[in-house]
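Participant: Can you read through this structure? Questions will come right after.
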Amino acid sequence: MSIVANADTRVVIMGGPAGTNAARRMGEFCHLIKKPLNVVAFVFPPDAGKTFEIPYGAQLVSLPVYRTVAEATAAHPEINATVIYVGADRATKAAQDALADPKIKLVSMITEGVPEKDAKLLAKDAKKRGKVFNGPSSIGILSAGESRLGVIGGEFNNLVLSKLYRPGSFGVITKSGGLSNEIMWICSQFADGVTTAIGIGGDAYPGTDFVSYLEMFEKDPQTKAVVIVGEMGGNLEEQAAAWLGAKKRRIRLIATISGFCQEHLPKGMKFGHAGAKEGLRGEGSARSKTDALRAAGAIVPDTFGALGPAIEKLYRELVETGVIAPVAETDAAALPRLPKSIDQAMKSGDVMVEPLIKTTISDDRGDEPCYDGYPASELIKKGYQIPHVIGLLWNKKLLSAQEAEIVKRIIMLSADHGPCVSGALVTIIAAGAGINMAQSVAAGMMMIGPRFGGAVTDAGKWFKYAVDQKLTPEAFLDYMKANVGPVPGIGHRVKSVKNPDKRVAELVSHVKSLSIPMPHLDFALQVEKITTAKKDTLILNVDGTIAAILVDLGYPVESLNGFFILARTIGFIGHWIDQKRQGSRLIRLFDYLVNYATPKRRDVPPLT
Amino acid sequence: MAKVLEGPGMDLFKKWGMAVPNHVVLTSVDQFDPLAQANAWMRNGKLVVKAHEAIGSRMKLGLVKVDLDLAGAKKAVTEMLGKNVGSGLTVSQVIVSEMVPHSAEYYLAVKSVREGADLMLASVGGIEIESQWDKVQHVAIEVGDPALAAEIEAAAKKAGFAKDLVPKVVEFALKLHQCYDQEDAQYLEINPLVLSASGELVALDAVTLLDADARYRHPDWNFTFASEFGRPYTSDERAIMEIDSRVKGSVKFIEIPGGDTALLPAGGGASVFYSDAVVARGGKIANYAEYSGDPPDWAVEALTDKVCSLPGIKRIIVGGAIANFTDVKKTFTGIIAGFRRAKADGKLKDVEIWVRRGGPKEAEGLAAMRALEDEGFNIHVYDRYTPLTDIVDFAIQGKGNP
């Protein structure tokens, strides 16, 4: 038995992320007590029409999300309670809607920071309608073995330790969320556990007070005693004392009140919950509340520490007098367990999972990414640059400063070749069509292949082949002529020996000034000597130069195109931004740029 | 509850049609002459100068000067601004208001109660009301209902207001209740309410407490809330309040000079029981603190920083009940980082740390705390099997301390 929430309570949760988290906790409790999930639906307008997935045991239950309470209760007539998790500025409206719904009998508000006036109006509305409005700032309501509304009770392990899977004999009412959990734990350690525990919230005017719940506990035969945790401020504890003293009550009352420290503090210094404020003229002190409760017959230990023994003493007395019949303990080992997630199971060594992919270059599972094992921030701190990151991620090699300088120059040389080359042109056309950056740049990228930008890979491949095979330049050229065709990386449409490519000259002279051995570049230059002797324009072009140098730096042939893609991305992005900035229009080819080699206009024959 | 200083409080009263003395708030004496130029009332009547700060017993500290002419007021402003009033607190604002010559003083207040509001009125005011509390008449106004003029009229008559004054009192009381209701107030007190020479009721001095939670729906609240401690907030308190206002969950911090026991507990409920336990065992608390609602670890770390910086502390109580959803491991990570930094900065010498906690990831969190012992911290760590406040007994009385 229990009060407020029981095995028939069916909940619509109002709220998104915080609400789903609560639903998960409620699912854990339902799984523990082997009862169906007590959450039926959500109200969360931004996700109306979708479903939220809530774990229940090892399954995932899909719960529908509605725009309004009315829609939820219409679709699920079994709903009779709601738990509110929406923000303070919307919580009042949510509670008003819920109270106005004839199917909902209990509204528990978890939201904190709700204006006091709103809480009073909601309490008044609920009273008028004969419903229960619990909170604001409530941690929730839990009836042992029956129902859990909210996150009250904490994590799964605590539910088991505090024996919340089966009813005991003690009711609990607290303002504080943390202390509700503590009292349930104490009741399970010093007595036989709890029936229902209610967090009424720490605000000045909780929607439902101690007395209302004491009345309900008085009528619940399973509950033999109630523990309340009060605090200075307000007069809810005095009212509880008055209720207890008014006539003979079946239930016993144990209370603990906080706020005695106020007597020793500078005047006016107040703290704790919003409601923990001594009256402006001294009423509602911890002492006056304690006195009132004791006078009415409640057990009020001197300190919180004495609460456990006081509960134990009362429990023994109630057992001896036959009020409580001790129950045989459930074997905790026989209780359902919370299925472990793969993460947890792997951590505890219970399962082994065959990985789906394998990586050898980077890992960001820690507090920052590590490239080939080196933390990014350390690389930055020690003066490493982008070429070093490229070296680590593409070739798992930490470059020297000289090598990095070469890579940097290669990227700078290749960053852009104007708007007319096929990749840039396509990017510009896409930008004009209003396509966004990622897709426009990708369109330009799709042009990279054998005829545009692809020569670097091919040049690298054949120079490497020649050096590996120890071919002479002459033998290499013979081989290429017989088997492949023109040598990739050799030849230029406009540049020649007389009109050399400045970029190539710069790069070669820089590389040659260093102490790094460059067998592929040397070989390529020897080849050039032979080819230019035959024809002025058969120079080692920029693609061939870059290819030879990168192979010399140890980059695998298949990575070479990456330098072109990377470098040219800078240019493509620039072209896209440039077009956007100008607000350029849709580009359409002029008819005079097309050779219409089509048949003359003619009649369409009838379909046969 | 959030206290509003006199200047903005008076402005709220004025907004709802209640007469208040003319007033200006100054932060620098340079503002005095231009204001005197712009406001005829400053030049033509007598003035009152008060420190515009949340400081108790301003009269005793010489922070209230009355019956001044313009030159006298300027002198008072000059003397008061920047004045050190002890404990490192200086006056940063003054309020200059007009003296209202009056014959009689009355009392009018409205207070939030569970059912709605308690409207209080008395035909005695000023300091006399303190000894004649039984003369106050009460009118209960249910939340959501309008205040009824007839009921207030009956109470005013019963309170002994002169017959011709009753309609004016009723009108003023209705405005006060409207202000209370519309401004999300929790307590408004006018003492004294006076009858000016021109026969008009004027709110001469006012206490204004508003509901800080309602701030979001009052865009015209252009003031910050003042402390209710009889002293302004310290810079460390303000720093934590600033963090509190922008994080999930909450962190709270109040300094109490002269204490030997610092508190760093979790939860609005448990934190007060820890404070009680320290006092009950003869300790002196050096602060109040609390974190709850699963705040981010950096916010808890900032709070730990402030707690470790409290002067003269012998011990820190890192207490807490069994959390529902606050991640013990994560919040303890913040506390541990704060402890390490404090130690590196030379703090925490001869300071004992006492820990008790339960809740999500309790085993990991407590193990991390225990490991601090290897780093040379004087730390004692207990789990859920040690009752909540027993660590205070161990810490102060040495009882049961293994």
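Participant: Could you rank the peptides B:189-196, B:102-109, B:160-167, B:220-227 by their average count of other C-beta atoms within 10 Å per residue, with the highest value first?
Facilitator: The packing order, highest mean first, is B:189-196, B:102-109, B:220-227, B:160-167.
Participant: How many nm is it between the label spots at B:LYS15 and B:ALA149, if each spot is 7 Å from the Cα in line with the beta carbon?
Facilitator: It is 2.5 nm.
Participant: So what is the relative contact order for chain A, in percent, with contacts set as C-alpha pairs under 8 Å and at least six apart?
Facilitator: Answer for chain A is 9 percent.
Participant: Sum up the charges of everything whose Cβ sits under 15 Å from the Cβ of A:ASP364, counting Lys and Arg as +1 and Asp and Glu as -1, but leave A:ASP364 out.
Facilitator: Overall, the nearby charge balance is -4.
Participant: Let me ask something else about it. For the charge dipole of the protein assembly as shown, defined by +1 on Lys and Arg C-beta atoms and -1 on Asp and Glu C-beta atoms about the Cα centroid, which residue among B:GLY62, B:ALA159, A:VAL114 has the Cα displaced farthest towards the positive pole?
Facilitator: It is A:VAL114.
Participant: Also, quick follow-up: Using 24 Å as the Cα-Cα cut-off, could you pick out the over-long pairs in A:LYS381/B:LYS329; A:LYS124/A:LYS175; B:LYS252/B:LYS343; A:LYS35/A:LYS93; B:LYS3/B:LYS50?
Facilitator: In this structure, A:LYS381/B:LYS329; A:LYS35/A:LYS93 lie more than 24 Å apart at Cα.
Participant: May I ask which residue of A:ALA295, A:GLY373, A:SER147 lies farthest towards the positive end of the charge dipole of the protein assembly as shown, with charges of +1 (Lys, Arg) and -1 (Asp, Glu) on Cβ and the Cα centre as origin?
Facilitator: Checked the options; the winner is A:GLY373.
Participant: Still on this structure, please answer the following. Tell me the angle of helix B:270-280 to the major Cα principal axis of chain B, expressed in degrees between 0 and 90 and rounded to the nearest ten.
Facilitator: 90 degrees
Participant: Counting only helical runs of four or more DSSP H residues, what would the 222 nm mean residue ellipticity of chain B come to if each run contributes -39,500 (n - 2.57) and the total is spread over all its residues?
Facilitator: -9500 deg cm²/dmol
Participant: Compute the angle between helix A:17-32 and the longest alpha-carbon principal axis of chain A, please, reported from 0 to 90 degrees and rounded to the nearest 10.
Facilitator: 60 degrees
Participant: Considering only lysines 8 or more places apart in sequence, or on different chains, count the pairs in the range B:113-184 whose C-alpha atoms sit under 19 Å apart.
Facilitator: 6
Participant: Could you work out the pair-distance distribution P(r) of the range A:106-169 from its alpha-carbon pairs, with 10 angstrom bin width and percents rounded to whole numbers?
Facilitator: 20, 39, 26, 14, 0
Participant: Nearest 10 degrees is fine. How inclined is helix A:401-414 to the longest principal axis of chain A, computing both from alpha carbons?
Facilitator: 80 degrees
Participant: Whole number please: convex hull volume per residue, Cα atoms of the range B:266-402, in Å³.
Facilitator: 96 Å³
Participant: Still on this structure, I have one more. When Lys and Arg each count +1 and Asp and Glu each count -1, what net charge do the other residues less than 15 Å away from A:GLU146, Cβ to Cβ, add up to?
Facilitator: It works out to a net charge of +3.
Participant: If you don't mind, another one. Report Rg (one decimal) and Dmax (nearest whole number) for chain A, counting Cα atoms only, units Å.
Facilitator: Rg then Dmax for chain A, in Å: 39.1, 120.
Participant: Compute the FRET efficiency between B:SER245 and B:SER92 as 1/(1 + (r/R0)^6), taking r as their Cβ-Cβ distance and R0 = 25 Å, and round to the nearest 0.05.
Facilitator: Given R0 = 25 Å and the Cβ-Cβ separation, E is 0.75.
Participant: Count, for each residue of A:302-309, the Cβ atoms from other chains sitting within 10 Å of its Cβ, then give me the mean as a whole number.
Facilitator: 6
Participant: Taking every pair of Cα atoms in the range B:93-148, average 1/r, invert it to obtain the Kirkwood radius, and report Rg/Rh to two decimals.
Facilitator: My calculation puts Rg/Rh at 1.10.
Participant: Here's a follow-up. Write down the Å³ per residue value for the convex hull defined by the alpha carbon atoms of the range B:151-294.
Facilitator: Hull volume over Cα atoms, normalised by residue count, gives 191 Å³.
Participant: How much of the accessible area of the range B:289-343, probe 1.4 Å, is carbon plus sulfur, in whole percent?
Facilitator: Whole-percent figure for carbon plus sulfur exposure: 52.
Participant: What size of dipole, in debye to the nearest 20, comes out for the range B:244-328 about its Cα centre when the only charges are +1 on Lys and Arg C-beta atoms and -1 on Asp and Glu C-beta atoms?
Facilitator: Charge dipole of the range B:244-328: 260 debye, to the nearest 20.
Participant: Here's another thing I want to ask about it. Where Lys and Arg each count +1 and Asp and Glu each count -1, what net charge lies around B:GLU151 among other residues with Cβ under 15 Å from its Cβ?
Facilitator: -4
Participant: Report P(r) for chain B: all Cα-Cα distances, bin width 20 Å, range 0 to the bin holding the largest distance, values in whole percent.
Facilitator: Going out from 0 Å in 20 Å bins, chain B shows 24, 43, 29, 5 percent.
Participant: Just to confirm, what accessible area per residue do you get for the protein assembly as shown at 1.4 Å probe, in whole Å²?
Facilitator: 45 Å²
Participant: Hey, if you put +1 on the Cβ of every Lys and Arg and -1 on every Asp and Glu Cβ in the protein assembly as shown, which of B:ALA76, B:LEU388, A:ALA72 ends up farthest toward the positive end of that dipole?
Facilitator: Checked the options; the winner is A:ALA72.
Participant: To continue, here is another question. Based on alpha-carbon positions alone, could you give the equivalent ellipsoid semi-axes of the range B:1-101 from the gyration tensor, as √(5λ), descending, whole Å?
Facilitator: 20, 18, 12
Participant: Something else about it: Could you compute how much accessible area chains B and A hide from each other, both sides summed, with a 1.4 Å probe? Nearest 100 Å² is fine.
Facilitator: The summed interface area works out to 4600 Å².
Participant: Determine the dipole magnitude for the range A:429-583: charges of +1 sit on the beta-carbon of Lys and Arg, -1 on that of Asp and Glu, nothing else is charged, the reference point is the Cα centre, and the result goes in debye to the nearest 20.
Facilitator: 420 debye
Participant: Calculate how many DSSP beta bridges within the protein assembly as shown are antiparallel, expressed in % of all such bridges and rounded to the nearest 5.
Facilitator: Here the share of antiparallel DSSP bridges comes out near 60 percent.
Participant: Here's another thing I want to ask about it. Which value at 222 nm does chain A reach when only helices count, each DSSP H run of 4 or more adding -39,500 (n - 2.57), with the total divided by all residues and rounded to the nearest 500 deg cm²/dmol?
Facilitator: -13000 deg cm²/dmol
Participant: Determine the percent antiparallel among the DSSP beta bridges restricted to the range A:8-121, to the nearest 5.
Facilitator: For the range A:8-121, the DSSP antiparallel bridge percentage is about 30.
Participant: Of all DSSP beta bridges in the range A:61-216, what percent run antiparallel (nearest 5)?
Facilitator: Beta bridges within the range A:61-216, antiparallel portion: roughly 40 percent.
Participant: Which value, in debye to the nearest 20, describes the size of the charge dipole of chain A about its Cα centre when Lys and Arg Cβ atoms bear +1, Asp and Glu Cβ atoms bear -1, and nothing else is charged?
Facilitator: 1460 debye
The values are calculated or read from the model by the stated rules, or taken from the named source; none is laboratory data. Computed from a prediction, not measured in an experiment: that's the story for all the values here. All Cβ positions, glycine included, derive from the backbone under ideal geometry; neighbour counts span all protein chains shown. SASA here: full protein model, heavy atoms, side chains in, ligands and nucleic acids out. Shrake-Rupley method; radii C 1.70, N 1.55, O 1.52, S 1.80 Å.
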